[in-house]
Structures are given as C-alpha cells and as structure tokens.
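What follows is a single structure, written as structure tokens, with notes after it.
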Amino acid sequence: MFDTYKKVSGWRLGWMVIPDSFIDTINSLQQNMFINAPTISQTAALRCWDDDTIAELETHVEKYRKSRSIILEELGSIPEIDLKNIAPADGGFYIYVDLGEENVASGFGSVAMCKAFLEEEKVAFTPGTDFEDPNGNLGDRRFRISYAGGVDTAKEALERFHRFWPGWMNRVKEGQKQT
C-alpha cells in the first residue's frame with residue numbers, strides 16, 4: 001500500500017496477503033533480503049493514513065486524471081495516430097502509443113522520434129525500446145508519455161508535440177521513399 005500514490009515509492013514498506021502455508025517461507029526470504037525498514041521511514045509511513053494526508057493525495061490523483069485527459073485528447077486530434085493505437089493508463093502514470101507501420105521508416109522509428117523531439121522541443125518521451133520485448137519488433141514503433149508532471153506540463157508538452165509532429169511526418173515520408 002506504500003507506493004507512488006502515497007509518494008513513498010522505493011521505501012520498501014508494505015505487507016503481503018498470503019496463504020498461511022507460505023508464512024515460514026516468506027519470512028525466511030524476507031529475513032535474508034531485508035534487515036528492516038529505517039525507523040524514520042516507518043514513522044513517516046504512518047502519516048500516510050491521516051485524513052489530511054489522504055485528502056492531499058486525492059488532489060494529486062485529480063491532477064493526474066486531468067493530465068491524462070489532456071494527453072489523450074491531444075493525441076486523439078492527430079489524424080495519423082490511430083486511436084486504437086493509444087493505450088490509456090489505468091492506475092499508472094503512462095500513456096503508451098503505437099505509431100503503427102505507416103508512421104515509421106527505417107531510421108525513423110520511436111527512438112529517432114523521441115531523440116529528435118527532445119533535442120528540438122526539449123520534451124522527453126520514452127521510446128518503446130525501453131519497455132518492449134527486445135526480441136520483438138515493436139520497440140521502435142512505440143513510445144510512452146508520462147503524465148506525472150502535472151496539468152501545465154502536459155499541456156505544454158502536447159502543444160510542442162503538435163508543433164513537432166508535421167515536420168517529423170515529413171521526415172518519415174522521405175525515409176519511406178528511400179526504402
């Protein structure tokens with residue numbers, strides 16, 4: 001339960017719900033993998049259950065919801081990106097996009113697109129090679145957009161993507177002619 005929602009990801013605090021028959025095995029593993037969570041982390045984690053903390057965290061959830069909606073709406077207005085190729089996150093911070101075969105060319109896939117977008121518009125999207133099966137061929141067709149940065153960041157990033165996209169598509173079309 002102590003996770004990114006509670007703003008304590010990586011603290012390694014939490015619990016498991018397991019069958020009684022697994023208790024001894026899990027305890028043996030846990031005892032050998034972790035000594036204990038630091039006292040300050042345990043004390044801070046207890047505050048996660050306070051009503052005022054939960055109210056504050058719910059405001060963050062609403063910001064994520066708004067950012068997600070902005071990104072999905074803006075991506076949906078790009079005619080070359082098929083809506084069925086956009087995977088809206090449900091519980092995470094990322095929207096996954098598949099460019100489709102028609103929007104890539106040799107040397108002009110998601111890796112090159114994300115690199116160019118970062119260099120030209122100063123916005124970082126993550127190419128699919130970072131999260132797709134390296135043995136498959138989808139990594140250079142897909143990319144990921146985080147919406148954890150907030151509403152204004154999402155708006156600005158997608159405005160920049162709209163500015164970037166037509167020129168990028170021209171490069172892809174030229175690359176397609178070369179093959």
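From the list Asn137, Asn170, exactly one residue is assigned to a helix (DSSP H, G or I) and either out of contact with any strand residue (DSSP E or B) (no Cβ under 7 Å at 6 or more places or on another chain) or open to solvent by 60 Å² or more (accessible area, probe 1.4 Å) (or both). Which is it?
Testing whether each residue is assigned to a helix (DSSP H, G or I) and either out of contact with any strand residue (DSSP E or B) (no Cβ under 7 Å at 6 or more places or on another chain) or open to solvent by 60 Å² or more (accessible area, probe 1.4 Å) (or both) leaves just Asn170.
Kindly establish whether Leu29 is open to solvent by 80 Å² or more (accessible area, probe 1.4 Å) and either of a type in the set (A, V, I, L, M, F, W, C) or in contact with a Phe, Trp or Tyr (Cβ under 9 Å, 6 or more places away or on another chain) (or both).
yes
Among (1) under 18 Å from Asp82 (Cα atoms); (2) open to solvent by 40 Å² or more (accessible area, probe 1.4 Å); (3) not in a strand (DSSP E or B), there is one condition Glu132 misses while meeting the rest; what is its number?
(1)
Among (1) open to solvent by 20 Å² or more (accessible area, probe 1.4 Å); (2) more than 30 Å from Lys177 (Cβ to Cβ), there is one condition Leu57 misses while meeting the rest; what is its number?
(1)
If you take the residues in region 35-54 that are in a helix (DSSP H, G or I) and of a type in the set (Asp, Glu), which one is least open to solvent (accessible area, probe 1.4 Å)?
Per the criteria, the residue is Asp52.
Within region 140-148, is there a residue that is closer than 15 Å to Gly109 by Cβ and in a loop (DSSP other than H, G, I, E, B)?
yes
Quick check, is Val123 of a type in the set (Val, Ile, Thr) and either under 20 Å from Lys84 (Cα atoms) or in a loop (DSSP other than H, G, I, E, B) (or both)?
Criteria met by Val123.
Among the candidates Glu132, Glu102, Glu80, single out the residue that is under 18 Å from the mean Cα position of the chain (by Cα) and farther than 30 Å from Glu58 by Cα.
Glu132
For region 67-111, name all the residues that are loosely packed, with under 14 Cβ neighbours inside 10 Å and in a helix (DSSP H, G or I).
Glu73, Gly76, Leu83, Lys84, Glu101, Glu102
The values are calculated or read from the model by the stated rules, or taken from the named source; none is laboratory data. Since this is a predicted model, take the numbers as computed values, not measurements. Reconstructed Cβ throughout: ideal geometry from the backbone, glycine too, with neighbour counts over all protein chains shown. For accessibility, only protein heavy atoms count, side chains too; no ligands or nucleic acids. Shrake-Rupley method; radii C 1.70, N 1.55, O 1.52, S 1.80 Å.
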